[in-house]
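The values are calculated or read from the model by the stated rules, or taken from the named source; none is laboratory data. Owing to the predicted nature of the structure, the values given are computational and were not obtained by experimental measurement. Cβ placement follows ideal geometry from the backbone for every residue including glycine, while neighbour counts extend to all protein chains displayed. For accessibility, only protein heavy atoms count, side chains too; no ligands or nucleic acids. Shrake-Rupley method; radii C 1.70, N 1.55, O 1.52, S 1.80 Å.
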Amino acid sequence: MNLERYALWQPKAGNALDEYEDAFVLPRRARNGKPFVCAIADGATESLLSRQWAQVLTRQFARQWLAARDWRGWWNETLRVWQNEKRAYMERRARADKPVQWYEEPGLEAGAFAALLGLVLMPTPHALTWRAAAVGDCCLVQVRDDKLLAAFPMQDAHAFNNRPYLLSSNPARNDALAEQWRFAEGNFAAGDRIYVMTDALAAWFLRASEAGARPWDEADAHRNADAFAAWLAELRATRAIRNDDVTLIRLQYRG
Amino acid sequence: MAYTAEISRTNPSCFLFVIDQSGSMADPFGGEAGKRKADGVADALNRLLQNLVIKCAKTEGVRDYYSIGVIGYGARVGSAFLGALAGQELVPISQVAANPARIEERAKKVDDGAGGLVEQKVKFPVWLEPVAHQGTPMVQAMTLAANMLQGFVAAHPNCFPPIVIHITDGESTDGDPTDAMQNVTRIASSDGNVLLFNVHLSSNANAPIAYPNRADNLPDQYARLLFETASELTPFMLGIAQEQGYNPEPGARGFVFNGDLALVVQSLDIGTRPSNLR
């Protein structure tokens, strides 16, 4: 599969690298005739273990989404994996003699929260089909012939706010989950580009596109980590973009 | 646009609590026998501090998004912190988290998952004890508040404006506090003026009132003064108040009569808060 791809990320300005709470999986190999799976997640600032939860979600999507019968099967397995992950974390804390503090208890009990968007590229005889699944405000944008062709699951810049429904590691917080999953699919033709982004960059991207600009060209002009960091610093300084962790996966099908 | 500055460790904001500890605070609260206003204030403040700390907590520690001060006024006017923080004016919130005077265990009823309730022990940190002595030097307390906030804003000129939460039964004994309160709300960072919330705890058993936009229905002159001097809610706070079912009218003010202040903490924006996290 001739698929050009890269991912770029930056923590929120003022935060250390290890405070970055997004996560992504972008495989190095894209085998001919096989599905290609990638995923992006955004851990909520106001929850504990957000980064770890975002990592579990993306990893689980990449490993098991296609094998699961439906989202429920995948979700139950993901919660099981999380239980193990959390147990291991608590054991590490105990070993390091760092007992849980009173102010951590409510957050650990409430659970970790994150938005997830997973993407599968399915080969068909003459092209590729993309299928995406999402909960929350990570966003995919498809560009064809220099025009925005599709945005999913957020359709416009106004749809973003600070209170999205997110996947919680605590089953009691996922009451309405069945209604929160969003699914979409489309053709991925030769030359098409797909940008998968966490919310701050996605909101900027859609806003710029709505204003008649071509944000895909601007994003494409900053393809390495340093250029990307400098560009984001500029967008943040002019408050064109909200100061938040940022992650971008860019895919282009070369036919 | 005002009230949009980012709250971060490099650009922290500030919470200053101003607490009435006068003799009249020993009167019963809202007509409830057995519960004094001073008990209600100490409980409310300890809970607010607890919620603020939890909001700033991550697994690696508490992030210093805020500096916190507590001024008590009654027999004396000054810092009301106890224990290791005694006498300190504004302290980073990580220090508040690390230094409650003591931690109580309290019983809380929680859902048992089978339609019933089960009692669970929860930790309740205490920074402030109920105090009720002598007069109500509100003017002096607000003057000290203004001094402390001027210092904070000078050090953080672009901060999200400090929030002052003043809890009282409203009867100042050292003169009309209107000017002193206006001096507080006149202090501004580049992002807007200090926000003053007045919480009026009355012995009067009237129904609670939260975030009104007019003084007509307020029960007495003390409530009206505290309404008039309170700041208008910011657009962001109005939005959150709406979501929480308060139905605030335009021009709603940060005034609460015999009610609780959960909204103040809920409406602080330090990043993404999941809508399914209550």
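Computed extension length for B:Arg9-B:Ala101: 30.6 nm, one decimal, from 0.36 nm per residue of separation with the Cα-Cα distance subtracted.
Here's the picture: charge each Lys and Arg Cβ at +1 and each Asp and Glu Cβ at -1 in the stretch A:3-253, and of A:Gln64, A:Val141, A:Ala159 the one pushed furthest to the positive end of that dipole is A:Gln64. Between the residues B:Ser189, B:Thr136, B:Phe81, the greatest Cα displacement towards the positive end of the dipole of the stretch B:13-266, with unit charges on the Cβ of Lys, Arg, Asp and Glu, is found for B:Phe81. Amide H contacts of B:Gly61: none lie under 5 Å away among residues 5 or more positions distant or on a separate chain (H built 1.01 Å from N in the peptide plane; Pro and chain starts excluded).
Give me the percent of DSSP beta bridges within the protein assembly as shown that run antiparallel, rounded to the nearest 5. Each step should come with its number before you reach the end.
Working: 76 of 98 bridges.
Just about 80 percent of them are antiparallel.
Using the Cβ of A:Phe188 as centre and a radius below 14 Å, the other residues enclosed give a net charge of +2, where K and R count +1 and D and E count -1.
Note that the stretch A:1-106 presents 52 Å² accessible area per residue, ligands and nucleic acids not counted, probe 1.4 Å. Listed peptides A:81-93, A:113-125 appear in the order A:113-125, A:81-93 once ranked by packing, highest mean of other Cβ atoms within 10 Å at the front. A simple rule links phi to the HN-Hα coupling: the Karplus curve 6.51 cos²θ - 1.76 cosθ + 1.60 with θ = phi - 60°, which for the stretch A:170-181 gives 9, x, 5, 8, 10, 3, 9, 4, 4, 7, 9, 5 Hz, with x for Gly and Pro. The trypsin sites (Lys or Arg not before Pro) of the stretch A:3-39 that meet both conditions, a loop assignment by DSSP and at most 16 other Cβ atoms within 10 Å of the site Cβ, are A:Arg28, A:Arg29, A:Arg31. Given their separation in residues at 0.36 nm each and the Cα-Cα distance between them, A:Ala240 and A:Asn32 gain 70.9 nm when the chain is fully extended.
Okay, helix-only estimate at 222 nm for the protein assembly as shown: each DSSP H run of n ≥ 4 adds -39500 (n - 2.57), divide by all residues, round to 500 deg cm²/dmol; what do you get? Intermediate values should be presented prior to the final figure.
Numbers: 14 runs with 157 residues, N = 533.
So the calculated ellipticity at 222 nm is -9000 deg cm²/dmol.
Between A:Thr129 and B:Glu243, the distance separating the two model label sites (each 7 Å from Cα on the Cα→Cβ line) works out to 3.7 nm.
The charge dipole of the protein assembly as shown, taken about the Cα centre with unit charges on the Cβ atoms of Lys, Arg (+1) and Asp, Glu (-1), comes to about 2200 debye, rounded to the nearest 20.
You can think of it this way: the chain between B:Leu117 and B:Arg186 has 20.0 nm of extra reach, that is 0.36 nm per residue less the Cα-Cα gap.
Decide, for chain B, between rounded, prolate and oblate: order the square roots of the alpha carbon gyration tensor eigenvalues as a ≥ b ≥ c, take rounded if a/c falls under 1.5, and otherwise choose prolate if a/b is larger than b/c, else oblate.
Working: a/c = 1.18, a/b = 1.05, b/c = 1.13.
It is rounded, given that a/c, with a ≥ b ≥ c, falls under 1.5.
For the residues of B:223-234, the average number of beta carbons from a partner chain within 10 Å of their own beta carbon is 0.
Averaged across the residues of B:61-74, what count of C-beta atoms belonging to other chains lies within 10 Å of each residue's C-beta?
Partner Cβ neighbours, averaged per residue: 1.
Carbon-plus-sulfur accessible fraction, chain B (probe radius 1.4 Å, protein heavy atoms only): 48%.
What's the total accessible area buried between chains B and A, using a 1.4 Å probe, rounded to the nearest 100 Å²?
Values: alone 12940 and 13030 Å², together 22860 Å².
Looking at B and A, the buried total is near 3100 Å².
Computed over the stretch B:115-185, relative contact order equals 50 percent, with contacts defined as Cα pairs under 8 Å that lie 6+ residues apart.
If the Kirkwood radius is taken over C-alpha pairs of chain A, then at 10 °C and 1.306 mPa s the Stokes-Einstein diffusion coefficient equals 84 µm²/s.
I'd like to compare B:71-78, B:15-22: which one has the highest average count of other Cβ atoms within 10 Å, and what's the full order after that?
Working: B:71-78: 20.4, B:15-22: 25.6.
My ranking of the peptides, most packed first, is B:15-22, B:71-78.
Probe radius 1.4 Å, ligands and nucleic acids left out: which of B:His133, A:His126 has the largest accessible area, and how do the rest follow? Walk me through the numbers on the way to the answer.
On the way: B:His133 110, A:His126 175 Å².
In descending accessible area the options line up as A:His126, B:His133.
The modelled label-to-label distance for the pair B:Arg76/B:Phe236, using points 7 Å beyond Cα in the direction of Cβ, is 3.7 nm. For B:Arg214 and A:Arg72, the FRET efficiency from 1/(1 + (r/R0)^6), where r spans their Cβ atoms and R0 equals 60 Å, is about 0.70.
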